[in-house]
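Report on the following structure.
Every number here is computed from the coordinates shown, using simple stated rules; none is lab data. Model, not experiment: these values are computed from the prediction. Note that we place each Cβ from the backbone using ideal geometry, even for glycine, and neighbour counts take in every protein chain shown.
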Amino acid sequence: MKNLIIIFTITILISCGSNNHITSQTTDYSVVTDETAIRFANTITTADLKEYLYAFASKEFEGRETGEIGQKKAAEYLKNFYIAHHIASPYGGNDYFQSIPTEHLRPELNPSENVVAFIEGSEKPDEIVVISAHFDHLGMNGDEIYYGADDDGSGTVAILEIAQAFQEAVTEGNGPKRSILFLHVTGEEKGLLGSKYYTNFPIFPLENTVTNLNIDMIGRVDDSHTNNPDFVYLIGSDKLSAELHNLSEEINIRFTQLDLDYTYNDENDPNRFYYRSDHYNFAKNNIPIIFYFNGTHQDYHRISDTPDKINYEVLAKRAQLIFYTAWEIANREYRIKVD
């Protein structure tokens, strides 16, 4: 009887809510994520995110423009983070860069690189979950720096915390069954160039890529949610896999209880965000994706996008949602089905 009540409650939660929600097609997804994951999710903290973001969105990295010295310094920062936290490179050794020559960028751009780190799965190592965010931004205009704290420093540091949580799980003998690639892409602001290069020259075969969870701006609260900051926009979760969408909904209900807003998932939405971040290069290759987003704000693509304006409590909750979702995808028996 108790289980029936729980199932009925979940059904109500999914079917109600705002008009921006997509109704889930199931109420019980045989979720394998349990209290073990909660312990590691709780290592994703506001304090760590704030520390990392104040460093990453600082003047030292000069706005992280693709191919410029600030972006190179940012790439080194990411590499050194993974080395310090004993998270491996997919190449082995200390090579964490997927180098991209100018001919695969734009003629006016210097060579650049994606930054990659890797946790090998314990049971299904050839199946890959990709968690991505772009780490480039707009650089400088004279002496003015485009810090890009939200765009996409927030997604970048979220990946660092998620990777660290998974690595702690590995250390304690609870590593993921599937492999996880942490992919920091360059050239997003120049036209999704880093993710395009990865999908054209993948480190692991695209047919082995189970899902791409892409994070682009998750540190702010837009004007539509001033009275409800515990939200995140989800885009694309149902485009290629109803199973992925339903899993995402179920994980959120059980663990994070954020308001999942699908406003920008509408095919008729004039912003067309589904086509404007790095997940799209995976989606074009028939790989199920979820794009996590907080919406635009008055500091978007301005020098005023600084780390003091980030809502770190909300950033941590969103990062935990992505961690739980990745944990479920990486540990369930079967890989996500493509519709």
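Through the Karplus equation 6.51 cos²θ - 1.76 cosθ + 1.60, θ set to phi - 60°, convert the phi angles of segment 320-329 into ³J(HN,Hα) values in whole Hz; use x for Gly and Pro.
Coupling constants for segment 320-329: 5, 4, 5, 4, 4, 5, 5, 4, 5, 4 Hz.
Name the residue, out of I218, I251, I83, whose mean-square fluctuation peaks in a Gaussian network model built on the chain with Cα pairs under 10 Å.
Highest fluctuation among the options: I83.
Rank S241, S30, S179 by mean-square fluctuation in a GNM of the chain with C-alpha springs under 10 angstrom and give only the top-ranked residue.
S30
Can you list the HN-Hα couplings for segment 281-298, worked out from phi with the Karplus curve (6.51, -1.76, 1.60; θ = phi - 60°), rounded to whole Hz and with x for Gly and Pro?
Ordered by residue, 3J(HN,Hα) equals 5, 7, 4, 4, 9, 6, 9, x, 9, 10, 10, 9, 7, 9, x, 8, 7, 5 Hz.
Taking H placed 1.01 Å from N in the peptide plane, check which residues at least 5 places from I100 or on another chain put their amide H under 5 Å from its amide H.
Under 5 Å from the amide H of I100 lie the amide H atoms of S112, E113, N114, each far enough along the sequence or on another chain.
What shape does segment 253-339 have by the C-alpha gyration tensor, where a ≥ b ≥ c are the square roots of the eigenvalues, rounded means a/c under 1.5, and otherwise prolate means a/b greater than b/c and oblate the rest?
It comes out oblate by the Cα gyration axes.
Using a Förster radius of 22 Å, what is the FRET efficiency between D308 and R272 based on their Cβ-Cβ separation? Nearest 0.05, please.
Efficiency at R0 = 22 Å is approximately 0.10.
On a 0 to 90 degree scale, rounded to 10, what angle separates helix 2-15 from the longest Cα axis of the chain?
Orientation of helix 2-15: about 50 degrees from the principal axis.
Please give me, ordered by residue number, the GluC sites (Glu not before Pro) of segment 127-229 that lie in loop per DSSP and have at most 12 other Cβ atoms within 10 Å.
Here the GluC sites (Glu not before Pro) that fit, given the DSSP loop and packing criteria, are E172.
Charges at C-beta only: +1 for Lys and Arg, -1 for Asp and Glu. How large is the resulting dipole of the chain about its Cα centre, in Debye rounded to 20?
It works out to roughly 480 debye.
What ranking, highest mean first, results for peptides 105-116, 86-97, 59-70 when packing means the other Cβ atoms within 10 Å averaged over each residue?
Highest-to-lowest ranking by the protection proxy: 59-70, 105-116, 86-97.
Figure the gain on full extension for T226 and V32 (residue separation times 0.36 nm, minus the Cα-Cα span) and round it to one decimal in nm.
66.4 nm
Could you let me know the centre-to-centre spacing of segment 65-97 and segment 194-262, using Cα atoms, in angstrom?
Spelled out, the Cα-based centre of one part sits 24 Å from the other.
State the percent of C-alpha pairs, over all pairs in the chain, separated by a distance greater than 39 angstrom.
Above the 39 Å cut-off, the chain has 8 percent of its Cα pairs.
Report, for the chain, the % of DSSP beta bridges that are antiparallel, rounded to 5.
Close to 40 percent.
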